[in-house]
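The values are calculated or read from the model by the stated rules, or taken from the named source; none is laboratory data. What you are looking at is a predicted structure, and each value in this text was computed from that prediction instead of being measured. Here the Cβ positions follow ideal geometry from the backbone for every residue, glycine too, while neighbour counts run over all protein chains shown.
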Amino acid sequence: MNRSDILYYPEVDSTNKALREYLHVAQEGFTIVAGRQTAGRGRMGRSFISPAGGLYMSLILKPEKDSFSLITSAAAVAVTQVIEEKYAVKCGIKWVNDIIKDGKKVCGILAEAVFDGSEKPAAVILGIGINLVAPEGGFEKEIKDIATHLGICLTADEKIDLAAEITNRILSLYPRPESFVNEYREKSVVIGKEIFVIRGSEKTYGFAKDIDDECGLIVDYGSKTEVLRTGEISVRLK
Ligand code: BTN
């Protein structure tokens, strides 16, 4: 995938939504990048605040197997690798796929399946939002205690280059879990920590023991152990 294959919008509602228009013509790896989003979507139906200065990108994957946690985990490793190689900024990963710098979130990842009538998704739209710099006026109050930025100011052209590298890295990693699971585990900021597993309004206390070979989180509740394949946890990172 070349940078010339990337579609750039200075502003869009959501790159994940915009990409749906291209699904029938686009190949795996087709990527949309936006300078800002007016209705960025986050996990669990939340919104993703997407001011100018960030990198907002979505790409199409057409996986053989529809393992979401492996796809988003591959994306998390790909983003951390590229950011470290290009800008020498080291980040960790909070299960499932938040990217963390200095104990705060710098990047969120959202995978959405698109079905065409069969049981297996016809495609997966993978969206990635990276806080490159602090937004003008600072982060909004809902996220200011949990969000930070990489401190990397990029032009639109440089964002397109970065997006192309991230897409290419994801394409090479995601079909081969053995190529990224060890690194996913090494970059985990959760293993060995006390956590809460969040299910709706319920929070269950546990201990994050390890991550298995499919990027599931092994949680010890004292009386029993469970492997989480998807979901949400909270953990104190600082
Ligand atoms: C999360 O942390 O909850 C996931 C956030 C995913 C945000 C990205 S930004 C690009 C793409 N377009 C969207 O509307 N969402 C994703």
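Summary table
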read-out: Test: residue in region 161-174 that is more than 30 Å from Asp213 (Cα to Cα) and aromatic (Phe, Trp, Tyr); value: no
read-out: Some residue of region 141-149 being touching a helix residue (DSSP H, G or I) at 6+ places or on another chain (Cβ under 6 Å), assigned by TED's automatic domain parsing to the domain that holds Thr80 and among the hydrophobic types (A, V, I, L, M, F, W, C); value: no
read-out: Residue in region 78-98 that is among the aliphatic types (A, V, I, L, M) and at pLDDT below 95 present; value: yes
read-out: Residue under evaluation Val190, criteria (1) assigned to a helix (DSSP H, G or I); (2) within 15 Å of Ser73 (Cβ to Cβ), criterion not met; value: (1)
read-out: Test for Ile143: is it surrounded by 14 or more Cβ atoms within 10 Å (Cβ to Cβ), within 14 Å of the ligand (Cβ to nearest atom), of a type in the set (Val, Ile, Thr) and modelled with pLDDT of 95 or more; value: no
read-out: Pair list, Cβ < 8 Å and 6+ apart or interchain, from region 182-202 residues that are in contact (Cβ under 8 Å) with a residue 12 or more places away in the chain to residues that are among the polar types (S, T, N, Q); value: Glu183/Gln81; Tyr184/Ser73; Lys187/Thr80; Ile195/Ser234; Phe196/Thr204; Phe196/Ser234; Val197/Thr204; Ile198/Ser234
